[in-house]
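**Q** Have a look at this one before I ask anything.
The values are calculated or read from the model by the stated rules, or taken from the named source; none is laboratory data. Just so we're clear, the structure is a prediction, and the values are computed from it rather than from any experiment. Please note: Cβ atoms are built from the backbone with ideal geometry, for glycine as well, and neighbour counts cover all protein chains shown.
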Amino acid sequence: MSLGQSAESPPGHVIEATIKALKDGNNGYTVPNGIIECREAVSRKIKSLYNADVSPERIFIMPGGKPTMHYAISFFGEDGVEIIYPDPGFPIYESMINYTGAKAVSYNLTSNKDFKFDANKILSLINEKTRLLILNNPHNPTGSFTEKTEIDKLAKGLLNFPNVAILSDEIYGRLIFEKKEFPIFLNYPDLYDRLIILDGWSKTYAMTGGALDGEYGQKN
């Protein structure tokens, strides 16, 4: 367990593209949801990686993953509601939930299960007060990876709770060291309308000092 930062350097083409953008004068404010060229490129990348169609209008470019967490948790969190999150987990989850006045309800990840989450355990925590479920796979800080069979079970169970939104933190989704299928939540179209996916480049391309990440969210 350590800081989520690669020991590698960013790829050469990323460095060159950054230099070119600065030399070309692309250093000013953009539209709030990110320039359309970037959002269109993300849409194409999602299609090539996961064979999922996400419109550029549903993609938001953020200065790192924390703003996405902040906006999502702030939107759903308030007095009298509950938000479910992983423990151990990224500290911002719990602190942001508490900040909104919502009740933070943890699902524990244990060493005897290799810190993988249990779909049935998560589903058992959902009640009429639950507004948001936070997932993180692959997991920070343990490095665990929950396989597709368990994700399938969770996705199916969530169909019984249509009022629960999902924030799926998939920022480490490209850093899998075994040949396993990564079960991105875009593979479950029945959940699209209440799904927010946090993904990005800062971890994948070893550029945490220049955090730039993407969010795929609900249209409204």
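**Q** Looking at the structure I just gave you, is Y172 within 28 Å of T208 (Cα to Cα), free of Cβ contacts under 8 Å to residues at least 60 places away in the same chain and out of contact with any His (no Cβ under 6 Å at 6 or more places or on another chain)?
**A** No, not satisfied.
**Q** Exactly one condition in (1) within 17 Å of I59 (Cα to Cα); (2) out of contact with any helix residue (DSSP H, G or I) (no Cβ under 7 Å at 6 or more places or on another chain); (3) surrounded by 13 or more Cβ atoms within 10 Å (Cβ to Cβ); (4) at pLDDT 90 or above is false for W201; which is it?
**A** (4)
**Q** Could you grab the pairs with beta carbons closer than 6 Å, sequence gap of 6+ or different chains, first residue in segment 21-39 and in a helix (DSSP H, G or I), second one among the β-branched types (V, I, T)?
**A** From residues that are in a helix (DSSP H, G or I), the pairs are C38/I61; R39/I59.
**Q** Moving to a separate point now. Any residue in segment 155-163 that is within 25 Å of M62 (Cβ to Cβ) and at pLDDT below 90?
**A** No: segment 155-163 contains no residue that is within 25 Å of M62 (Cβ to Cβ) and at pLDDT below 90.
**Q** Another question, if that's okay. Where residues in segment 54-76 are part of a loop (DSSP other than H, G, I, E, B) and at pLDDT 90 or above, which of them is farthest from L132 (Cα to Cα)?
**A** Step by step, filter segment 54-76, then rank; the result is S55.
**Q** Moving to a separate point now. Out of L133, L123, L158, I need the residue that is buried (at least 22 other Cβ atoms within 10 Å of the Cβ) and farther than 21 Å from P91 by Cα. Which one?
**A** When all the criteria are applied, what remains is L158.
**Q** May I ask you to list the residues in segment 77-103 that are part of a helix (DSSP H, G or I) and surrounded by 21 or more Cβ atoms within 10 Å (Cβ to Cβ)? Steps first, please.
**A** Keep residues of segment 77-103 that are part of a helix (DSSP H, G or I), which gives 91-100.
Those that are part of a helix (DSSP H, G or I) and surrounded by 21 or more Cβ atoms within 10 Å (Cβ to Cβ): Y93, M96, I97.
**Q** Within segment 88-117, how many residues turn out to be at pLDDT 95 or above and charged (D, E, K, R)?
**A** So the count comes out to 2.
**Q** If K113 passes every condition in (1) more than 24 Å from Y192 (Cβ to Cβ); (2) in contact (Cβ under 8 Å) with a residue 24 or more places away in the chain but one, which one does it miss?
**A** That leaves (2) as the condition not met.
**Q** Could you pull out the residue among Y93, Y107 that is in contact with a Lys or Arg (Cβ under 7 Å, 6 or more places away or on another chain) and over 18 Å from G173 (Cα atoms)?
**A** Just a single option satisfies the conditions, and that option is Y107.
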